[in-house]
Structure formats: C-alpha cells, structure tokens
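Right, I'll just put the structure down here and ask away after.
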Amino acid sequence: MARTLTFSIFRYNPQDPASVPHMQEFRLEETESMTLFIALNRLREEQDHSLQFDFCCRAAICGACAMVINGRPGLACHSKTKDYPDKITLMPLPVFKLIGDLSVDTGTWFRGMAKRVESWCHTKKIFDPTAQEERMDNALAERIYELDRCVECGCCVAACGTALMRDDFLGAVALNRVARFVLDPRDERSEQDYFDIIGTDEGVFGCMGLLGCQDVCPKSLPLQEVLGKLRLKMAFAAANHLLPRFLRREIKL
C-alpha cells in the first residue's frame with residue numbers, strides 16, 4: 001500500500017513585504033520510483049502554484065535542485081522518497097542569497113568565486129585557432145576530468161562549518177577548482193601565484209576538517225584529499241620562500 005508523505009517546506013518570499021518565513025505542510029501519495037524532484041513538481045502543479053524551487057536537467061548534472069533535505073544538503077532529483085521517512089522537511093541551502101522558498105541564488109556566489117580564484121588557464125601563448133590541441137598524458141587528463149565533474153550545486157558550501165561562519169571563506173568547491181588548474185600543464189602560474197590566492201585562512205588554512213563537504217557531494221569528489229594536498233603544497237611553498245634554493249622541495253598533487 002502506498003504511503004502518504006508529509007512534506008514540511010520552508011516558505012518565504014523576500015519580494016513580498018507581507019511574507020514571513022514559515023513552514024508549510026503538504027501531503028502527497030507516494031508513487032513508485034518517486035524522487036523529491038517529482039514530488040515537488042506535483043505539489044506545485046496540483047496544490048500550490050506559488051511554490052518556488054529550481055530545476056533544470058533532472059539528472060544530477062546541472063546542480064540546480066540542491067536543497068537541505070531532512071537537515072542534509074542534497075539534490076532533489078537524486079533523492080528518492082523511499083529512502084526517507086513519512087515526513088520530509090525541505091529547506092533552502094544556507095550561505096546563498098534566498099530568492100524564495102527553496103530557490104537560492106548560487107550563480108552570483110559561483111561567479112564571485114571564479115573571479116577570486118581566477119578560474120581560467122593563465123598562459124602567455126597567443127591562441128592559434130588553426131593549431132592542433134595541445135597533447136596531454138591520458139592519466140593526467142583523467143585526473144583533471146575527475147575534478148572537473150563538479151556540477152556547482154553548492155551542497156559542499158552549505159555543509160561547510162567555516163562557510164556558515166565566514167562569508168570570505170573560499171570553500172571546498174573553490175579549492176577543487178584551483179587544484180584543477182594546478183594539475184593542468186597549460187596553466188603557467190607559479191606556486192607563489194597560487195599561494196597568493198589560497199594560501200591564507202580564507203583558503204586552505206581556514207578549513208576546520210569537519211568533512212561535511214565531501215560527505216554531501218553528489219558526485220563523490222575527493223574534496224578532502226584535494227584540500228590536504230593543496231594545504232601541504234602551500235605550506236611547502238611558504239617554506240621554500242624562506243629556504244635556500246638547494247633545500248627547497250616541490251609537492252605534486
């Protein structure tokens with residue numbers, strides 16, 4: 001017999017002066033293979049057309065439907081109702097600016113992050129559209145691709161204790177982005193260049209090591225491993241700045 005699910009959903013429209021933050025309950029009969037994405041669309045179509053939430057791909061690729069599900073950040077399209085109890089509480093992601101109900105503005109945050117970490121290949125080479133693409137070792141390309149699988153959903157930021165306390169903290173997603181360019185042989189930045197970006201308590205030295213980011217990542221990216229290697233690399237970069245040349249060491253990611 002199908003369950004009747006109770007959804008307790010955060011409601012608030014910042015654009016409406018009369019709106020106040022509150023929780024609203026909805027009830028819906030569970031269907032086979034139902035995801036939270038399907039449930040939310042049914043609730044909006046059948047019960048309340050004003051319900052706000054974001055979605056795009058419904059395949060855990062775009063990251064748009066991220067929200068806090070029973071206290072844990074996750075993707076609505078990636079979450080099946082059968083894995084949850086009869087009552088499901090849905091909240092918007094913290095840290096990001098609230099648009100309304102479950103919808104938040106992750107775009108502004110990620111654009112700001114990309115600008116801070118200078119998220120592009122730095123090279124003095126002049127682009128030649130007729131030239132062949134630069135060769136790269138397959139194993140290295142796969143390591144870069146592994147980090148490039150991030151869908152920028154914001155779950156890791158929402159689960160980060162440091163990010164919740166400090167809006168200047170870059171977060172795991174930014175450090176993962178930097179690591180991708182550290183690996184890329186086409187990027188000509190030096191260790192000192194990277195140190196200037198992430199070698200502070202706003203970057204690799206600000207993480208408290210609570211592992212929340214990696215725990216909620218829907219793509220299972222090795223975020224803590226990346227952070228650990230970057231932190232070690234930046235520590236040696238700082239030491240190398242003070243040591244004689246013959247004592248210096250280089251740390252590979």
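Filter segment 8-40 for residues that are under 15 Å from Met67 (Cβ atoms) and among the hydroxyl-bearing types (Ser, Thr, Tyr); which is nearest to the chain's Cα centre (by Cα)?
Only one residue fits best here, namely Thr35.
Would you point out which residue out of Ser33, Ser103, Ser79 is among the small types (Gly, Ala, Ser) and modelled with pLDDT under 95? Lay out the reasoning, then the answer.
Values: Ser103 fails: modelled with pLDDT under 95; Ser79 fails: modelled with pLDDT under 95.
Only one candidate qualifies: Ser33.
Give the residue that is farthest from the chain's Cα centre (by Cα), with candidates limited to residues of segment 54-82 that are among the charged types (D, E, K, R) and within 12 Å of Leu5 (Cβ to Cβ).
Per the stated criteria, the residue is Lys82.
Could you check how many residues of segment 44-70 are surrounded by fewer than 12 Cβ atoms within 10 Å (Cβ to Cβ) and either small (Gly, Ala, Ser) or not assigned by TED's automatic domain parsing to the domain that holds Thr89 (or both)?
2
Residue by residue through segment 73-102, note down the ones that are assigned to a loop (DSSP other than H, G, I, E, B), among the aliphatic types (A, V, I, L, M) and closer than 19 Å to Ile61 by Cα.
Taking segment 73-102 first, the residues assigned to a loop (DSSP other than H, G, I, E, B) are 79, 84-86, 92-96, 101-102.
So of that shortlist, the ones also among the aliphatic types (A, V, I, L, M) come out as 93, 95, 102.
Residues satisfying the conditions are Leu93, Leu102.
Residues that are touching a Phe, Trp or Tyr at 6+ places or on another chain (Cβ under 6 Å), touching a residue at least 40 places away in the same chain (Cβ under 8 Å) and within 18 Å of Met67 (Cα to Cα): does segment 160-175 have at least one?
Looking for residues that are touching a Phe, Trp or Tyr at 6+ places or on another chain (Cβ under 6 Å), touching a residue at least 40 places away in the same chain (Cβ under 8 Å) and within 18 Å of Met67 (Cα to Cα), one finds at least one in segment 160-175, hence yes.
Would you tally the residues in segment 170-222 being under 16 Å from Arg116 (Cα atoms), assigned to a loop (DSSP other than H, G, I, E, B) and either of a type in the set (A, V, I, L, M) or in contact with a strand residue (DSSP E or B) (Cβ under 6 Å, 6 or more places away or on another chain) (or both)?
The total comes to 2.
Restricting the search to segment 161-211, which residues are touching a Pro at 6+ places or on another chain (Cβ under 8 Å) and at pLDDT 95 or above?
Listed by number, the list is empty, since nothing qualifies.
Let me ask something else about it. Which one is farthest from Leu223 (Cα to Cα) among residues in segment 114-172 that are among the aromatic types (Phe, Trp, Tyr) and surrounded by fewer than 19 Cβ atoms within 10 Å (Cβ to Cβ)?
Only one residue tops the list, namely Phe127.
If I ask for residues that are touching a Lys or Arg at 6+ places or on another chain (Cβ under 8 Å) and outside any loop (DSSP other than H, G, I, E, B), which ones from segment 37-69 would you list?
Residue satisfying the conditions is Phe37 alone.
The values are calculated or read from the model by the stated rules, or taken from the named source; none is laboratory data. None of the values given here were measured: they were computed from a predicted structure. FYI the Cβ positions are ideal-geometry reconstructions off the backbone, even for glycines, and counts take in every protein chain you see.
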